[in-house]
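Please treat every number below as a calculation from the coordinates, not as lab data. These numbers come from a predicted model, not from an experiment. Every residue, glycine as well, gets a Cβ built from its backbone with ideal geometry; the counts of neighbours run over all protein chains shown.
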Amino acid sequence: TGTLMAGKRGLIMGVANKNSIAWAIAQQLAAQGAELAFTYQGDKLKRRVEPLAASVGSDFLLDCDVTNDDQMDATFAALTDTWGQIDFLVHAIAFAGRDQLEGSFVDSTTREGFKSALDISAYSFVDAARRGSAIMKDGGAMVTLTYLGSERVVPNYNVMGVAKAALEASTRYIAADLGPRGIRVNAISAGPIKTLAAAGIGSGRHMFRFNKAASALQDNTDSKGVAGAALYLLSDLGLSCTGETHHVDGGFHAIGMPREEPLRA
Ligand code: NAD
């Protein structure tokens, strides 16, 4: 615990349950004194998010499906009414239909599947950043979550890789737009972590095994590391860092070819 986020208020979008990356980030920010509001996707998830929010002293919960403009309006209106201004925004939301996430990218990607993946996983950040920046203090910060499948081909990640490429490019454009106000906008590229969203990607077991074997740290990614990176990027520690895609993946992205035999079991 500490005071890096003392006096700062922000919105966390994307907690579904205790395994959510957004939840790891929320806990880290709360432990540093941040005051948090949460969005959840529909009543089914409210039951899960409510007790988590309560455990970090928040009862500020907003029902918000990012494809629903009325709910986005209501979310940011509630923030404006209750807090007036915010200091930070966390976007940890992605979706692609299951039929889009297996087998051949070129054969399985439909127009509707492409549209909804890009809408929910990339445009929603642009939308939230526009709305959030309207009530964000100068010097505030935003973070989104991305994955290496944007830069390189990962089996079954398919249209989500294309969506993450759009998300990372959007991060750079938003960073440039908001930079004059001292607002920093960054993406964290996390290695595979066992969450609800990750379970939707085919061949999960292979993915975790391969990432462990082929990463520099020869271990899977711990969401605590992702939360630490978010704390750095969202607090004043991150001064001067913006428009960046920061990898927190055990160094997997840095490896060109894995060793024949792992250095440790
Ligand atoms: P998660 O399932 O816990 O979180 C995904 C969230 O997206 C859920 O809270 C879900 O409700 C929300 N969501 C989906 N569609 C939505 C919609 N239409 N409106 C509102 N919310 C919606 O899984 P996670 O792994 O914590 O995912 C968080 C972010 O991290 C995602 O952007 C994901 O792509 C990214 N990420 C995950 C991994 C991983 O391996 N788990 C790796 C890198 C990046």
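Computed values, structure above
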| read-out | value |
| --- | --- |
| Residue exposure sequence - Thr146, Thr109, Thr82 - by fewest surrounding Cβ within 10 Å | Thr82, Thr109, Thr146 |
| Share of alpha-carbon pairs per 5 Å distance bin for region 143-265, given as whole % | 2, 11, 19, 22, 19, 13, 8, 4, 1, 0 |
| Per-residue HN-Hα couplings for region 194-205 [Karplus 6.51, -1.76, 1.60; θ = phi - 60°; Hz; x = Gly/Pro] | 6, 9, 4, 4, 5, 5, x, 8, x, 6, x, 4 |
| Length added when fully stretched, Arg172-Arg152, from 0.36 nm per residue minus Cα-Cα | 5.3 nm |
| Under Karplus coefficients 6.51, -1.76 and 1.60, residue-wise ³J(HN,Hα) of region 55-66 in Hz, glycine/proline x | 5, 10, x, 10, 10, 9, 10, 10, 7, 8, 8, 5 |
| Long-range Cα-Cα pairs in the chain (distance over 26 Å), rounded percent | 38 percent |
| Listed residues Ser116, Ser189, Ser240, most fluctuating in the chain (Gaussian network, C-alpha, under 10 Å) | Ser240 |
| Extension gain from Asp219 to Met257, taking 0.36 nm per residue of separation minus the Cα-Cα distance | 12.1 nm |
| Neighbour-count ranking [beta-carbon atoms within 10 angstrom, fewest first] of Cys241, Cys64 | Cys241, Cys64 |
| Residue order, fewest to most surrounding Cβ atoms within 10 angstrom, among Asp43, Asp73, Asp249 | Asp43, Asp73, Asp249 |
| Calculated FRET efficiency for the pair Asp138/Ala198, C-beta based, R₀ 35 Å, to 0.05 | 0.45 |
